[in-house]
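As structure tokens, the structure follows; a few thoughts come after it.
The values are calculated or read from the model by the stated rules, or taken from the named source; none is laboratory data. Here the structure is a predicted model, which means the values were calculated and not measured. Positions of Cβ are backbone-derived with ideal geometry, glycine not excepted, and every protein chain shown enters the neighbour counts. Note: areas computed on protein heavy atoms with side chains; ligands, DNA, RNA excluded. Shrake-Rupley method; radii C 1.70, N 1.55, O 1.52, S 1.80 Å.
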Amino acid sequence: MLGKYFSHSGKLLPVKKAKISIDNIEFTYGFGVYENLRVRKGKIFFINEHVERLFKSAEMIELKHNFNFEEIKTAIEKLIKKNRLEDCNIKMLLIGGEKPDLYIICLAPKFLDRKFYKQGVKVITENHERFLPQAKTLNMLPSYLIFKRAKEQDAYDVLLLDKENNIVEGARSNFFAIKNKTLYTTPVEKVLDGVTRRTVIDCAKRNGYEVVEKDIELNDLFNYDGAFLTSTSGKIVPIREVGEGGFEGICEELKELMKFYSGCLK
Ligand code: PDD
């Protein structure tokens, strides 16, 4: 955790005073939803989109609460100020129950080594379909175990495959393939509606790319010019190696898109 304070349902408290009762069944059974967002140079990125998605995730698991957008925004701003942080990640955790709790904490920002944006990353694959893929819930055990396997193999993430061997998404990211100036990505109904996914699509369209939502088969992957993952922490991360196979390098259209996206974020 970063900073000496966290926020509990709008109240700033010292991290040392944080406690969760061990008989809180909603917490121990993971009846909750969460979000991660970026703060850089004091700017909070995509707060509306993240809070909206937090509420959507809550609705999907019938987690009722009375928190509203303004309250959450104010709590985040107060927390950053109190912790005197310019650069951090913010994690929001909404736990259900009779009296729902909203925890907001500051975390150290994660940066991927620059070389990976130039040469691409390694990913592995796994047959796994997430439960309620459109909701960001605390049901994280499968994802934790799958991601652990990736770390053991020095891979950046895991491409999750459905029963038809389509690449649906990354364990912690959205997946895209690219051919010429067209991006292909899994239909949004089947994945988490990533904030980065959405903003990359928007930025790509504004810069003359076409975007097609369709299933992408693993066996067909190397017929594309390239592939990449998107997430809040990584932004656009090009893929180089997929298990035994790989792309030769990063195609020009993807390099260009990465440049356009940096511009779109300013
Ligand atoms: N994960 N898909 C899944 C399954 C994710 O967990 C995430 C984000 C994304 C990307 O969404 P966004 O662009 O809004 O970050 C897609 C974050 C990093 C997390 O688990 O904390």
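For ASP202 and ASN180, what does the FRET efficiency come to when R0 = 22 Å and r is the distance between their Cβ atoms, rounded to the nearest 0.05?
So, using R0 = 22 Å, E works out to roughly 0.65.
For the pair THR125 and LYS4, what calculated FRET efficiency results from E = 1/(1 + (r/R0)^6), where r is the Cβ-Cβ distance and R0 = 41 Å, to the nearest 0.05?
Calculated transfer efficiency: 0.50.
How many percent of Cα pairs in segment 168-236 exceed 17 Å?
Looking at segment 168-236, the distances longer than 17 Å represent 34 percent of pairs.
Percent of accessible area on segment 5-107 owned by carbon and sulfur, 1.4 Å probe?
Accessible surface attributable to carbon and sulfur in segment 5-107 totals 52 percent.
Measure off 7 Å from each Cα along the Cα-to-Cβ vector at ILE44 and GLU217, then give the distance between these two points in nanometres to one decimal.
Calculated label separation equals 4.6 nm.
How large is the Rg to Rh ratio of segment 5-107 when both quantities use alpha carbon positions and Rh follows Kirkwood?
Ratio of gyration radius to Kirkwood radius: 0.95.
What is the spin-label model distance, in nm, from LYS19 to LEU145 if the labels are put 7 Å beyond Cα along the C-beta direction?
3.4 nm
I'm a student and want to see the number: the projected area of the Cα convex hull of the chain, averaged over all directions, in nm².
So the mean shadow area of the Cα hull is 14.2 nm².
To check you understand DSSP bridge types, tell me what percent of the beta bridges within the chain (both residues inside) are antiparallel, rounded to 5.
The answer is about 80 percent antiparallel.
In percent, what relative contact order does the chain have, based on Cα pairs under 8 Å that are 6 or more apart in sequence?
18 percent
Would you kindly derive the ³J(HN,Hα) couplings of segment 203-217 from the backbone phi angles with the Karplus curve 6.51 cos²θ - 1.76 cosθ + 1.60 (θ = phi - 60°), listing them in order in whole Hz, with x for Gly and Pro?
Values per residue, Gly and Pro as x: 5, 4, 4, 5, 10, x, 8, 9, 10, 10, 8, 7, 6, 10, 7 Hz.
So, by mean Cβ neighbours within 10 angstrom, what's the order for 207-217, 187-197, 102-112 with the highest one leading?
187-197, 102-112, 207-217
Taking only Cα atoms, what is the 0 to 90° angle, nearest 10, from helix 47-60's long axis to the longest principal axis of the chain?
Here the helix axis deviates by roughly 80 degrees.
Would you compute the Debye intensity of segment 115-264 from its alpha-carbon atoms alone, equal scatterers and no solvent, and pass along log10 I(q)/I(0) at q = 0.09, 0.11, 0.12, 0.13 Å⁻¹ to two decimals?
-0.24, -0.36, -0.44, -0.52
Taking the Cα atoms of segment 110-178, report the difference between the largest and smallest coordinate on each principal axis, in whole Å and largest first.
That gives 34, 27, 21 Å along the principal axes, largest extent first.
Send over the per residue convex hull volume for segment 51-181, Cα only, as a whole number of Å³.
Normalising the Cα hull of segment 51-181 by residue number yields 167 Å³.
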